[in-house]
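The values are calculated or read from the model by the stated rules, or taken from the named source; none is laboratory data. Predicted model, so just to flag it, every value in this text is computed and none were measured. Every residue, glycine among them, receives a Cβ derived from its backbone with ideal geometry; neighbour counts consider all protein chains shown. Just the protein is used for accessible areas: all its heavy atoms, side chains included, with ligands, DNA and RNA removed. Shrake-Rupley method; radii C 1.70, N 1.55, O 1.52, S 1.80 Å.
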Amino acid sequence: GLARATRLAQLHCRRGRRAAAQAAPMARSLLLALLPVVATAGASVAGTGSVSAVQKVIELLESMTAKAQQDKHAEEVEYAKFKQFCGDTIETKTRDVKQSTELIEVLSADATKLEEDTKKLSAKLQELNDVITSTKAELKAAKEQREKDHADYSAEIEDHSETNYALERAIAVLQKQNFNRQQAEEALVQLSQSGSLPKSAQRTLAALLQMGVGDDFLSKDSPEAVAYEFQSGGIIELLKKLHGEFREKQTEAEKEEMNSRMAHEMLSQDLTDTIEGAERDIAYLTEWLQEKKELLADTKKKLAATTEDRDSDEAYLSDLKVECLEKGKSFQEKQGLRAEEIEAIEKATEILRSPEVSGSAEKHLPALVATSQGAALAQLRAA
């Protein structure tokens, strides 16, 4: 009867000690508290020997069982919430990390492309600036050459014009039937001073002028005869031939001057168009380059922020997984201890409900009390 119950209670006390040695501090404290409560309740009824006192202890144990079950359920509910939080948060953060990693790849590719674009645009702008510099130099050289050519053609045209005037004047004077000797000499002198005349023509004019030094020059017989000699000697024909040649030379020089001017104008227009086109391209590309640089800066900023967020999420996710794993292990351990506590209390209640204990309370309860007190003291020392 009661002796058997006493042995069973002692056995459960030893089991309680083994469970307490492996339990967490809070669970161990709860198990240790069980034996002193039973001992105290038993001592209070030992002197009376009343069965109702045993029932009071049973009620106390049942209350402790209900409280332990309530605490166990509360821990289950609380852990279920935490487990749900772990699952949801790990899923969300894992998805965020994946999306951030994908976005980082896209932003990195965009940044690389933008950097290449800015380099190409910068190189193109440098090329256009070089084109403008070289074209302006070419335009300047063309202008200087045109000014030189214009001066040369103008001098040639003026020289041919003066020679033609001298030839026309000499021919007009010599063709007269009654020409003035002084006028003829002046016309021939002016003509001889033209550097454009061929050497043979210059020698002929020099000979004529040399003849004019003598007393008989242009004074032989009558003026009509002298004029005839000039004509029959082919002097006028020579001057007319020279006049025709120099008119052609003057015309050719004027034509070349006009062609030179037109060619320069066309070249200048082409070079100017090239410069203006390059300047327009520079203005457009400069604006485009600025947009690319701003977009590149914004992309790098987003890349840095996304990378920072991804790294932060990865660190948080890693810590959370560890925390969830550790709390899961801790919960399982606590649930095991709660189950052992409830089992021990229920077993003690079962023993106290047995007929052997209730019928022999006065005889055996003091021994149970002593045993329980000794066990509690040993557990406290072990703790």
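Would you point out which residue out of A46, A53, A27 is at pLDDT 50 or above and farther than 14 Å from A348 by Cα? First the steps, then the outcome.
Working: A46 fails: at pLDDT 50 or above; A27 fails: at pLDDT 50 or above.
Of A46, A53, A27, the one residue that is at pLDDT 50 or above and farther than 14 Å from A348 by Cα is A53.
Test L242 against the criterion of being closer than 24 Å to D152 by Cα, in contact (Cβ under 8 Å) with a residue 24 or more places away in the chain and out of contact with any Asp or Glu (no Cβ under 8 Å at 6 or more places or on another chain), and give yes or no.
On the way: closer than 24 Å to D152 by Cα: yes; in contact (Cβ under 8 Å) with a residue 24 or more places away in the chain: yes; out of contact with any Asp or Glu (no Cβ under 8 Å at 6 or more places or on another chain): yes.
Considered against the rule, which asks whether it is closer than 24 Å to D152 by Cα, in contact (Cβ under 8 Å) with a residue 24 or more places away in the chain and out of contact with any Asp or Glu (no Cβ under 8 Å at 6 or more places or on another chain), L242 comes out as yes.
Applying the selection to segment 247-279, what residues are in contact (Cβ under 8 Å) with a residue 60 or more places away in the chain and over 26 Å from E147 (Cβ atoms)?
Initially, segment 247-279 is screened for residues in contact (Cβ under 8 Å) with a residue 60 or more places away in the chain, giving 247, 249-250, 253-254, 256-257, 260-261, 264, 267-268, 271-272, 274-275, 278-279.
Selection gives R247 alone.
Just a yes or no: is a residue in segment 72-83 among the β-branched types (V, I, T), farther than 30 Å from T299 by Cα and part of a helix (DSSP H, G or I)?
Step one: of segment 72-83, the residues among the β-branched types (V, I, T) are 77.
In the following step, the residues that additionally are farther than 30 Å from T299 by Cα were identified as 77.
Adding the requirement that they be part of a helix (DSSP H, G or I) leaves 77.
So far as segment 72-83 goes, yes, one or more of its residues are among the β-branched types (V, I, T), farther than 30 Å from T299 by Cα and part of a helix (DSSP H, G or I).
Got at least one residue in segment 220-233 being open to solvent by 60 Å² or more (accessible area, probe 1.4 Å), modelled with pLDDT under 95 and not in a helix (DSSP H, G or I)?
Yes; the residues of segment 220-233 include at least one that is open to solvent by 60 Å² or more (accessible area, probe 1.4 Å), modelled with pLDDT under 95 and not in a helix (DSSP H, G or I).
Select from segment 276-318 the residues that are closer than 23 Å to L139 by Cβ and open to solvent by less than 50 Å² (accessible area, probe 1.4 Å) and list them in ascending order.
G277, A278, I282, L285
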